[in-house]
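What follows draws every value from the coordinates through simple rules; no lab data is involved. No experiment lies behind these values; they were computed from the predicted model shown.
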Amino acid sequence: MEDGERQQDAAAGGRPGAAPPPPLDESLRQIGQAGRETLQAWGEVLRTLRALLSADLALARSAMGRALAWAGVAIVFGASAWLLATAAGVALMQQLGLSWLASLSIAALFNLAVTALAAWRTSRYFDWMGLHATRRQLARMGLFDEDDDGDGDAEAPAAPPPSPAPPPATDGDTRA
């Protein structure tokens, strides 16, 4: 092989019969064109996602309205069924020999107990909605101060506690 052939092979990437690479300005033009095409593709993707999100939100809005309507129907019929079941329980207790006052009192106490349980559980769930962990993290980052009442004259945040002193050096000597 002659030197000229070796240089052509090296210029072609060592592959026989391969075309030499394009000049630098042509490569830069191709890269720029590919970048523009990529940006156009992203624009189309974002427009499509926006249309999808818009349609999804419209569907969710419609579903929420219908769900609320059916929840109202369920509450009304559930409450009336509960009242009828309580009345049947009171009638059964009266039939078993309890007075009307005792039967109604037992039904009322049962209903109050269930109401108290429901109120307690509801308060627990509302407490969980307080985003306590997020608020603690934001306070640590200095972005949100729970003690700030918005007066504008809030005190500066407390300084972090001092780090503990390092243990004394022993120089390898472990004797006291």
Taking Cα centroids, how far is segment 118-142 from segment 30-90 in Å? 25
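Could you tell me the ratio Rg/Rh of segment 98-145? Both radii from Cα atoms, Rh via Kirkwood.
Rg divided by Rh gives 1.49.
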How much length is gained on full extension from Ala88 to Arg124, taking 0.36 nm per residue of separation minus their Cα-Cα distance? 9.7 nm
Could you derive backbone 3J(HN,Hα) for segment 44-56 from the dihedral phi with the Karplus parameters 6.51, -1.76 and 1.60 (θ = phi - 60°), listing whole Hz in sequence and x where the residue is Gly or Pro? 5, 4, 5, 4, 5, 5, 5, 5, 5, 5, 4, 5, 5
Non-local residues with an amide H under 5 Å from the amide H of Phe144, with H modelled 1.01 Å from N and Pro and chain starts lacking one, are Ala139
